[in-house]
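Each reported figure results from applying straightforward, stated rules to the coordinates on display, with no laboratory input. Just so it is clear, the model here is predicted, and its values are computed rather than measured. Here Cβ is always computed from backbone atoms with ideal geometry, including for glycine, and neighbour counts include all displayed protein chains.
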Amino acid sequence: MKAYQFNEDTGLYEGEIFADSATLAYVGGVTTVAPPEYGAGQVPVFDSMAQRWELLPTALARQLLLGRG
């Protein structure tokens with residue numbers, strides 16, 4: 001099954017993978033919820049608590065990430 005990887009600390013989208021549905025629940029940073037279509041200047045960020053993607057402007061995502069460091 002197709003799944004979508006995200007960084008567990010930041011929620012940033014990292015790409016698509018194919019995973020076994022039986023083990024998917026035991027793997028961190030992976031969801032079956034597809035990210036929305038996005039364009040230049042946008043970054044999909046996964047909210048694990050809400051189980052949904054948000055699109056953030058690249059500049060805002062960069063500020064949020066730098067603030068975590």
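Yes/no per residue for (1) hydrophobic (A, V, I, L, M, F, W, C); (2) surrounded by 11 or more Cβ atoms within 10 Å (Cβ to Cβ); (3) part of a strand (DSSP E or B):
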{"position": "Glu14", "(1), (2), (3)": "no, yes, yes"}
{"position": "Ser21", "(1), (2), (3)": "no, no, no"}
{"position": "Ala34", "(1), (2), (3)": "yes, yes, no"}
{"position": "Glu37", "(1), (2), (3)": "no, no, no"}
{"position": "Ala40", "(1), (2), (3)": "yes, no, no"}
{"position": "Phe46", "(1), (2), (3)": "yes, yes, yes"}
{"position": "Ala61", "(1), (2), (3)": "yes, yes, no"}
{"position": "Leu65", "(1), (2), (3)": "yes, yes, no"}
With the structure loaded, tell me whether Ala50 is among the hydrophobic types (A, V, I, L, M, F, W, C), closer than 20 Å to Asp9 by Cβ and exposed (fewer than 10 other Cβ atoms within 10 Å of the Cβ) or whether it fails that test. yes
Could you count how many residues in the range 33-69 are of a type in the set (Val, Ile, Thr) and either without any contact (Cβ under 8 Å) to a residue 12 or more places away in the chain or touching a helix residue (DSSP H, G or I) at 6+ places or on another chain (Cβ under 7 Å) (or both)? 2
Could you check the range 1-12 and list, in sequence order, the residues that are surrounded by 15 or more Cβ atoms within 10 Å (Cβ to Cβ), assigned to a loop (DSSP other than H, G, I, E, B) and touching a Gly at 6+ places or on another chain (Cβ under 8 Å)? none
